[in-house]
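The values are calculated or read from the model by the stated rules, or taken from the named source; none is laboratory data. What you are looking at is a predicted structure, and each value in this text was computed from that prediction instead of being measured. Please note: Cβ atoms are built from the backbone with ideal geometry, for glycine as well, and neighbour counts cover all protein chains shown.
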Amino acid sequence: MARVPTDGINGDLGPLGDRLATIGDLHSAASVLAWDRQTYMPQGGVTGRAEQLATLARVAHEMLVSPETGRLLAEARQREPGSDEAAFLRLARRERDRAVRLPSRLVAETSRATALAEQAWISARENSDWSPFAPVLERVLDLKKEEASYLDFEHPYDAMLDRYDPGATTRRLRTMFDELKAGIPPLVRDVSARIDEDHAAPLKGGFNEKRQERFGREIISRFGYDWSRGRQDRAVHPFCINFGSPDDVRLTTRFDQMRLSVGLFATCHEAGHALYEQGVNPAYSRTPLSGGVSMGVHESQSRLWENLVARSKPFWAYFGPELRTAFPGAFDGVDPDTIYRAVNAVMPSEIRTEADELTYDLHVLLRFELELALFEDGLAVADLPEAWNAKMEEYLGIVPENDTRGILQDTHWAIGYFGYFPSYTVGNVLSVQLFEAAVDERPEILSEMETGEFGALLGWLRTNVHRHGKKYEPDDLIERSTGRPPETASYLRYLRTKFGELYFLN
Ligand code: ZN
């Protein structure tokens with residue numbers, strides 16, 4: 001159904017609303033260009049596209065930090081606490097405060113240094129050669145530390161976290177990871193001792209890509225992804241993207257002919273992000289309230305649909321038979337329970353993005369500890385590979401074959417995304433807290449899943465999470481929707497129950 005454009009909150013805020021909407025449009029236009037770059041743009045477009053993106057970013061930044069925006073924000077009258085307009089002002093002020101503190105020289109240098117580092121990372125990864133990448137990464141790290149020095153946080157790493165998860169602090173993450181560190185490694189050890197065969201075997205072999213795509217589209221259509229307000233394309237690194245409103249939310253995925261789970265779970269994961277964005281109150285479009293509230297909450301949505309739904313027993317009760325139809329001959333005589341075991345096979349491995357649900361957080365824990373050591377000056381960039389391998393051995397019992405499959409596997413550090421990794425684990429933890437709250441309130445969610453229906457679940461998420469966009473701070477949102485602050489206990493209990501049963505631990 002088409003929506004009538006609304007000037008809701010922006011209209012109410014007059015010239016300030018218009019100005020923020022224009023800045024939002026610049027960012028949205030940049031996102032369209034970024035989407036194109038990662039999907040259809042020919043290789044030759046790289047340089048020109050980098051210039052276009054830099055120009056849009058610069059113009060948006062200039063408008064945000066301009067004295068005119070400052071004046072409009074300073075003169076805006078107080079709004080009723082708890083109103084959309086009050087949230088608008090809080091978010092706009094925070095965004096501008098952060099932007100004005102950073103010298104434009106630093107912003108430009110960071111953009112240049114990360115572009116160079118990304119290139120250096122690509123070739124270092126290809127050649128599995130850390131040494132030429134190290135000095136380039138060191139430069140990026142220095143710039144990020146300088147950035148932290150201009151921002152007012154208790155701990156320099158907090159300045160990194162705040163960008164992705166407002167309210168997240170080093171102190172809180174330490175507590176969270178300490179709790180997970182006490183709970184997950186012993187469970188991984190117990191499970192590992194029980195691995196007698198490759199439970200994932202049924203998902204390996206030759207799977208036609210067209211069929212994989214069709215099956216994935218069927219699943220996410222049933223989840224409730226609205227194709228009239230989105231589309232799916234292919235990308236090397238799958239992502240979900242939107243353009244300042246819930247009316248055009250695109251996802252990308254990738255397929256591996258030999259491993260069905262790669263495309264299947266990438267599709268479900270990105271659809272979780274997309275359902276969130278499609279569910280935001282349309283009145284928030286082109287305002288600072290549009291979009292998901294934080295990376296942690298965003299990941300809670302993607303991981304909820306990927307793990308709590310698509311790796312669950314009720315899900316495969318319905319989709320097991322569907323899978324047999326989708327891939328004729330490939331699953332003859334394979335019952336839903338075997339598929340449930342296959343999609344949950346635990347196998348400590350080198351690569352984070354391919355990790356199973358149980359060992360995934362150990363990959364994040366390792367990155368969190370290394371990032372923290374870098375920001376506390378307790379670790380030199382030159383010593384990273386050694387520190388990486390030592391932690392891999394400690395937490396996962398394996399030493400990567402080479403740096404490509406070790407320290408060079410992720411692009412995050414090269415592009416300056418320090419403080420981003422913890423969001424993945426925050427998302428895992430929140431996904432269980434939210435799912436349990438949803439099932440508590442709407443017990444029919446589980447029986448619906450057995451029939452391939454997800455209306456009750458999506459409805460609950462829409463009402464309690466999606467609709468609010470950035471209106472509430474992440475912690476407030478979680479407390480409002482689940483009745484308690486974020487906590488790890490439910491998550492650990494869930495992992496113990498699920499994998500205890502799968503691997504006959506009791
Ligand atoms: Zn994600």
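General observations
- Residue count for the range 397-431 satisfying the condition of being surrounded by fewer than 21 Cβ atoms within 10 Å (Cβ to Cβ), closer than 25 Å to Arg303 by Cβ and hydrophobic (A, V, I, L, M, F, W, C): 2.
- Residue list for the range 191-205, restricted to those being under 29 Å from the mean Cα position of the chain (by Cα) and either in a strand (DSSP E or B) or over 18 Å from Val343 (Cβ atoms) (or both): Ser192, Lys204
- Some residue of the range 35-43 being within 21 Å of Pro282 (Cβ to Cβ) and in a helix (DSSP H, G or I): yes
- In the set Gly296, Gly291, only one residue is under 21 Å from Asp226 (Cβ atoms) and in contact (Cβ under 8 Å) with a residue 24 or more places away in the chain; that residue is Gly291.
- Trp130 falls short on exactly one of the conditions (1) in contact with an Asp or Glu (Cβ under 8 Å, 6 or more places away or on another chain); (2) assigned to a helix (DSSP H, G or I); (3) not aliphatic (A, V, I, L, M), and that condition is (2).
- Filtering the range 332-361 to residues that are among the acidic types (Asp, Glu) and in contact with a Pro (Cβ under 7 Å, 6 or more places away or on another chain) leaves only Glu350.
- Of the helices (runs of 4 or more DSSP H) contained entirely in the range 399-479, those carrying at least 2 residues that are closer than 22 Å to Thr170 by Cα fall at 422-441.
- None of Tyr157, Tyr164 is touching a helix residue (DSSP H, G or I) at 6+ places or on another chain (Cβ under 8 Å), among the hydroxyl-bearing types (Ser, Thr, Tyr) and under 18 Å from Asp97 (Cβ atoms) except Tyr164.
- Out of Glu299, Glu277, sole residue that is at pLDDT 95 or above, out of contact with any helix residue (DSSP H, G or I) (no Cβ under 6 Å at 6 or more places or on another chain) and among the charged types (D, E, K, R): Glu277
- Test result for Asp256, of a type in the set (Asp, Glu), more than 15 Å from the ligand (Cβ to nearest atom), closer than 25 Å to Glu444 by Cα and surrounded by fewer than 24 Cβ atoms within 10 Å (Cβ to Cβ): no
- The set of residues in the range 98-127 being touching an Asp or Glu at 6+ places or on another chain (Cβ under 9 Å), polar (S, T, N, Q) and under 20 Å from Met160 (Cα atoms) consists of Ser104, Thr110.
- Here Ala60 meets the list (1) out of contact with any His (no Cβ under 7 Å at 6 or more places or on another chain); (2) under 24 Å from Leu161 (Cα atoms) almost entirely, failing just condition (1).
- Number of positions in the range 259-277 that are among the polar types (S, T, N, Q) and buried (at least 24 other Cβ atoms within 10 Å of the Cβ): 1
- Answer residue from the range 221-253, given it is surrounded by 24 or more Cβ atoms within 10 Å (Cβ to Cβ) and among the polar types (S, T, N, Q) and is farthest from the ligand (Cβ to nearest atom) among those: Asn242
- Residue satisfying condition, being surrounded by 14 or more Cβ atoms within 10 Å (Cβ to Cβ), outside the structural domain of Ser261 (by TED's automatic domain parsing) and more than 30 Å from Asp233 (Cβ to Cβ), within set Glu118, Glu179, Glu146: Glu146
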